[in-house]
Structures are given as C-alpha cells and as structure tokens.
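Below: the structure, in structure tokens.
Just so you know, all these numbers are worked out from the coordinates, no wet-lab data involved. All values derive from a computational prediction rather than experimental measurement. In this analysis, Cβ positions are derived from the backbone assuming ideal geometry, glycine residues included, and neighbour counts consider all displayed protein chains.
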Amino acid sequence: MVRRKRETKRRPPFGMPKGIVLLAVPEGWRHSVLTAEGGMLCGHLAEVPVNASPAEAQAAVAAMVVGLAHDFHEEHVEVTWDPPQEPGAWTAQVTVASTSPNACGQTTN
C-alpha cells in the first residue's frame, strides 16, 4: 500500500483585518490592527513623519492594511474611518469590498 503525503493547510501568518486603531504619540504614529481571529498587530508608522497630518497617517495605515489583506488572504478590503472620539486617536472598520456584476452578470473581484 502506498501512502499519500497528507497536505495540511497552513493559516496565513496574518489574520484577516477587521479594525484599526491609530494613535498620535510624541514619537510619531502608532497603529494596532485587530484581526477577525482575535489577534492584534501593533507597530509604528516609520515612513510617516512625526509632524504629518492625521489624514496622511490614516492613508498610510489604510494602504498597509489593504496590502496585507490582499497579500495574505487574496481579499480586497475597504477601510472606513469612524468620527474621532478623542484627540489624537482614530479608529476604522475594515470590511471585505463588495464585488460588482460585470456586463455578463458575473461577479468580478
């Protein structure tokens, strides 16, 4: 009897993003990306200057999250920023982008 090698599916090293927290700190901009699996990825936006506007920092972290979702999960996501609740802190929701029907009635990604 010949045994077939069992293939195991590996989970991506980065969970599916579902939310973002962005903080302005004296050293620059910090972010936390919350995942659907309950994980969290935290870091510093090194490419964003300390004196950058909140809009610049939001754009940078949103682009990072969109890229991670695409690279690790092959999903297109949208980032929607919530109205600020307190100075120096912003939150966003990350959702899978809806697909739109093409001329043939099929959906595209």
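Numbers at a glance
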read-out	value
Calculated FRET value between Glu78 and His44, using beta carbons and R₀ = 30 Å, to 0.05	0.80
Per-residue ³J(HN,Hα) for region 40-46, Karplus 6.51 cos²θ - 1.76 cosθ + 1.60, θ = phi - 60°, Hz, x for Gly and Pro	8, 10, 10, x, 10, 7, 5
Per-peptide average of other Cβ atoms within 10 Å, ordering 34-42, 57-65, 80-88, 22-30 highest first	57-65, 22-30, 34-42, 80-88
Under-5 Å amide H pairs with Met16, H placed in peptide plane, nonlocal only	Ala36, Glu37
